[in-house]
1. Within the set of other residues whose C-beta is less than 12 Å from the C-beta of residue A:54, count the net charge using Lys and Arg as +1 and Asp and Glu as -1.
2. Per residue and in cubic angstrom, what volume does the convex hull of the Cα atoms of region B:52-95 have?
3. If R₀ is 30 angstrom, what is the calculated FRET efficiency for the pair residue A:54 and residue A:17, using the beta carbon separation as r and rounding to 0.05?
4. Let me know the shape class of region A:29-102, please: from the alpha-carbon gyration tensor, a ≥ b ≥ c as square roots of the eigenvalues, rounded when a/c is under 1.5, otherwise prolate if a/b is greater than b/c, or oblate.
5. Give the Cα extents of the protein assembly as shown along the principal axes, in whole Å, largest first.
6. May I ask which residue of B:89, B:50, B:61 lies farthest towards the positive end of the charge dipole of chain B, with charges of +1 (Lys, Arg) and -1 (Asp, Glu) on Cβ and the Cα centre as origin?
7. Would you mind counting up the charge near residue A:78? Only other residues with Cβ under 15 Å from its Cβ, with Lys and Arg at +1 and Asp and Glu at -1.
8. Add +1 for every Lys or Arg and -1 for every Asp or Glu among the other residues with Cβ under 15 Å from the Cβ of residue A:67, and state the total.
Amino acid sequence: GDSVTQMEGPVTLSEEAFLTINCTYTATGYPSLFWYVQYPGEGLQLLLKATKADDKGSNKGFEATYRKETTSFHLEKGSVQVSDSAVYFCALSDRGITGGGNKLTFGTGTQLKVEL
Amino acid sequence: AAGVIQSPRHLIKEKRETATLKCYPIPRHDTVYWYQQGPGQDPQFLISFYEKMQSDKGSIPDRFSAQQFSDYHSELNMSSLELGDSALYFCASSLDRGSYNEQFFGPGTRLTVL
């Protein structure tokens, strides 16, 4: 079945440091890939997405590129802020399935702590 | 913009009791997904509904049941609650377009079983 593997946390960085959170996936087809962020006590928010190979998703300074050859979707940000402290989940869903079949498969989440 | 609404936000129950969680999708969204997130865990897919019919099923215990009503809201019914059912339960809704359907998540219901 489909699966997502992401680096374990917590990841602790100083403000303005460069961030990389690794994510690799296993899927039978060509999934859509997502990064979700969860702030303490809150729900899941979509951070960015990519729906086909070589697509780059970007939002709020975060970027991730859909690499089919390495089955990866690593999250990067050039300069993190304290407000970026949260748990980040990599996820995938099968594409092209109609009728409510696009369930999300999540990685285990990576906690990011950004310190001054 | 309207978001996904879940109620209640917090629920405390005793073992062997029942619980009902409600989800109100974004207007005109036709698909609802339920996920369970245990403490420190990733969200796990439970079940989904499209146009009021069950469309997919994941790791949902037999003690749980769910349905989607004519107004597209959904309810997750949980019986014979166990301590291990304590978790954050998310509902997400989407509009089925066939190729890519972004899911919008509600704030979750935190269930505590004592």
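Only the coordinates and a few stated rules stand behind these numbers; no lab work does. The structure presented is a predicted model; accordingly, all values stated were derived computationally and were not measured. With ideal geometry, Cβ positions are generated from the backbone for all residues, glycine too; neighbour counts draw on all protein chains shown.
1. Charge balance near residue A:54 sits at +2.
2. Details: hull volume 4.0 nm³, N = 44.
Convex hull of Cα atoms, per residue: 90 Å³.
3. E between residue A:54 and residue A:17, to the nearest 0.05, is 0.65.
4. Note, shape of region A:29-102 comes out oblate.
5. In descending order, the Cα extents are 48, 38, 35 Å.
6. B:89
7. Net charge around residue A:78: -2.
8. Numbers: positive: A:49, A:52, A:56, A:68; negative: A:54, A:55, A:63, A:69, A:76.
Neighbourhood net charge equals -1.
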